[in-house]
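Shown next, in structure tokens, is the structure this report addresses.
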Amino acid sequence: MAAANYLSSEDQFLCSICLDVFTDPVTTSCGHNFCKNCITEHWNTSDRCQCPMCKEVFNTRPDLRVNTLLSEMVDQFRQSAQQKTSSSEQQESKPGEVPCDVCTGTKLKALKSCLVCLASYCETHLEPHLTMSGLKRHQLIDPVENLEDRMCTKHDKPLELFCKTDQTCVCTLCPVLDHKMHEFVPLKEEYEGKKVELKKTEAEIQQMIQKRRLKIQEIKHSVDLSEEDADREKAEGVQVFTALKESVERRLNELIKTIEEKQKTTKKQAEDSIKELEQEISELMKKSTEVVQLSLSEDHLHLLQSVQSSNIHHPPPTKDWTKVSVPPSYEGTVVRAVAQLEETLSKKMKKLVEAELKRVQKFAVDVTLDPGTAYPQLILSADGKQVRTGRAVRRSRTFSAAQARVPPPPPTCWKMRGPVHRCSQL
């Protein structure tokens, strides 16, 4: 029950039915106080209308009204209880926070640590260090744990000096006993110096971060340019290969048409020859029939007269077919077509190369070698149009500035003068 959270002096604000702080408190004629809903529900479930405390019976059910004075007192009590609870939660030490060394039971959160007393204090126990003249001279810092680490392990004195020779914190007795002839400065002085160094280091780190962010932007920009180049090259590739495909298909159609026309002509010639041969065969068969019939005749005179008059023993005139043949085969037709296609592709390739060289020369006619980053064995001619390799390379060769866009290994830094391009290779 909530009543367990309050002291005995606070029982006057508790309802005897729900044992919690009053809500809309009402007072019966016998002088006892209850929550309005509590006493109403009690009477609704009871056979008689009587006071739960003194058992006084009421003949008629009282008309209960909220006790305004008691209600105001209950509200003030609620606010006070909430403030106490909130204050306790704010001051109580949580995991990771420095607790007060003086508190007993629940440890409250420490607000300061004393380097002289080697203890940490909450708001209540810090009061003497803020009011007493002898304790005001103690050095207070933000609360820290393990204050004994701030004491010299040899002399049991606070670490107040910094030995620059050994780069360590020491007490006031160390220079006399253990660090003779060493250079010492107060901790605060060394602290200020280290802070300056840390700020300088932090500035250098920020500068390095900024350079790397700029490098990221440069790389992203390079990727964007690369994507644009890739899209352009893909478009040009599609255009070129589409044209080549159309050219190949056109050549193929021409080849098929040529072969079909040649085959058609050959077939026509063959059909004409066959027709003529069949005509001659028909005439020869007719002549053969006449010869057979005449040879079967037994009349000597008739056979002799017929042979002499009809010249039947001579065959009819015919064509000499020994030199007539089918047209030659198609061997070599495909080879000739492919050769013509190759010639066409070579011409197109030559035009593409010339166009690419013109485009490269447009942006690469003015080249400067950066002596700080360029390959040391590359030498630019006086007119700025030729780049050649130095003596360290076995075979020296000269090439145009347009070709310098693809330098020989190792990697070289090229810087293009002018507003069009700036190309660098790191």
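The values are calculated or read from the model by the stated rules, or taken from the named source; none is laboratory data. Quick caveat, the model's predicted, so the values are computed rather than measured. So basically every Cβ, Gly included, is an ideal-geometry build from the backbone, and we count neighbours across all protein chains shown.
Residue-level analysis places His179 among those that are without any contact (Cβ under 8 Å) to a residue 40 or more places away in the chain, over 51 Å from the mean Cα position of the chain (by Cα) and over 25 Å from Cys117 (Cβ atoms). Quick one: count up the residues across segment 266-292 that are surrounded by 11 or more Cβ atoms within 10 Å (Cβ to Cβ) and either at positive phi or polar (S, T, N, Q) (or both). Residues meeting the conditions: 5.
Within segment 112-124, the set of residues being in a loop (DSSP other than H, G, I, E, B) and either at pLDDT below 85 or in contact with a Ser or Thr (Cβ under 7 Å, 6 or more places away or on another chain) (or both) comprises Leu115, Val116, Cys117, Leu118, Glu123, Thr124. Scanning segment 307-341 for residues that are modelled with pLDDT under 75, outside any loop (DSSP other than H, G, I, E, B) and of a type in the set (Gly, Ala, Ser) gives Ser309, Ser310.
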